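Below is one structure; the comments refer to it alone.
The values are calculated or read from the model by the stated rules, or taken from the named source; none is laboratory data. The structure presented is a predicted model; accordingly, all values stated were derived computationally and were not measured. Every residue, glycine among them, receives a Cβ derived from its backbone with ideal geometry; neighbour counts consider all protein chains shown. For accessibility, only protein heavy atoms count, side chains too; no ligands or nucleic acids. Shrake-Rupley method; radii C 1.70, N 1.55, O 1.52, S 1.80 Å.
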Amino acid sequence: MARSLTGCPFRGCVENHYLAVPGWQLASASARHTVVLAAAILLAVFAFYLPAQAAPAQTSPADLVRKVVANELRTENADHSHWMFRLETQKPNGPKEVDEVVETKSGDLKRPILINGQPLNQSQQQQADRQLEQQARNPDLLRKSQKDQSEDEARSQRMLKLLPDAFLYTYGEHRDNLVELKFTPNPHFNPPNREAEVFHAMQGSLWVDSKQLRLAEISGRLMREVKFGLGLLGHLDKGGQFDVKQAEVAPGYWELTVLNVQMRGKALFFKTINVQQYMARSDFKLLSPDLTLAQGADLLRKETKSRSAEKSGSTMRSGLPRGRSVQLDSLSWRRTGRPG
């Protein structure tokens, strides 16, 4: 039997300069190719329709808020950590002050570092040292402040519990793990007290960490005037705003970083928060939970002296003309955007 030039012994070989394929194998390969192609087309068709039917439903905005609030309350109650941090505050018609703060089991100690952007002069340094010494030696001086702070924390937790029911939510932007939830007052919600009445008159947005279920920011604006006791017990004007931010300052630890309240009116709800106030906290350092007042005061003295030395050196090296100051580690009064 004559062989092809390629030496193929099978009848019907298709000759090629590189290979010889039997005719039946070619037909079989064509059939398999047709079947594979048809299967691929079917899979593509099914893939187009299946996701809408089989994909799990997205968590509703309200359910996500409930999960975040429940986790916030649980973690706050379990967190007994103490910190040293930088505190910047400003009130209407008052100085802009930067303090170093040390938290202890008996209360918080603070000592000023800058006033209106300027380091303390010798007289101010001496006064700050005397005040710190009095606080460290007389815990009673801190008890009222600690009591007021505890009452405000309890009030804040009660208001946090209202979030899921007081508002209606819709999804907004997404940035990595951060999710925006826009909120408007729920018309079916009946505020149980005056604080809730103000809260319910707000419209704004939440930013939450959907992975850790933590609240990163809440900002709102009063959509109407709120009066208490026909205005005799206080009022807040339409247009007032607030912005509160917290951030993860160490793995697993979230702390308040910004509180900006710009309201017009009078409402005596919080003992440590005014209707017009700005506060920012930064440079967090974790401390021992058993730190005493004496130990905290000593730590504060060392830290503020170190900060003052660094600032004096930086000012001298800057070469700026006299009369100008260098504001190191100072947080801006203006908002710098969303968290993240």
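Just add up the charged neighbours of R301: K/R +1, D/E -1, any other residue whose Cβ is under 10 Å from the Cβ of R301. Please report the intermediate quantities before stating the final value.
Values: positive: R111, K302, K305; negative: E100, D129, E133, D298, E303.
That works out to -2.
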Could you tell me what percent of the accessible area of the stretch 64-174 is made up of carbon and sulfur, with a 1.4 Å probe and every protein chain present?
47
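Let a ≥ b ≥ c be the square roots of the eigenvalues of the Cα gyration tensor of the stretch 96-164; is it rounded (a/c under 1.5), or, if not, prolate (a/b larger than b/c) or oblate?
oblate
For a test of understanding, tell me how many lysine pairs in the stretch 173-258 have Cα atoms under 20 Å apart, given they are 8 or more places apart or on different chains.
Numbers: K182/K211; K182/K238; K182/K245; K211/K245; K227/K238.
Lysine pairs satisfying the spacing and distance rule in the stretch 173-258 number 5.
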Segments 94-103, 129-138 sorted - mean Cβ within 10 Å per residue, highest first:
94-103, 129-138
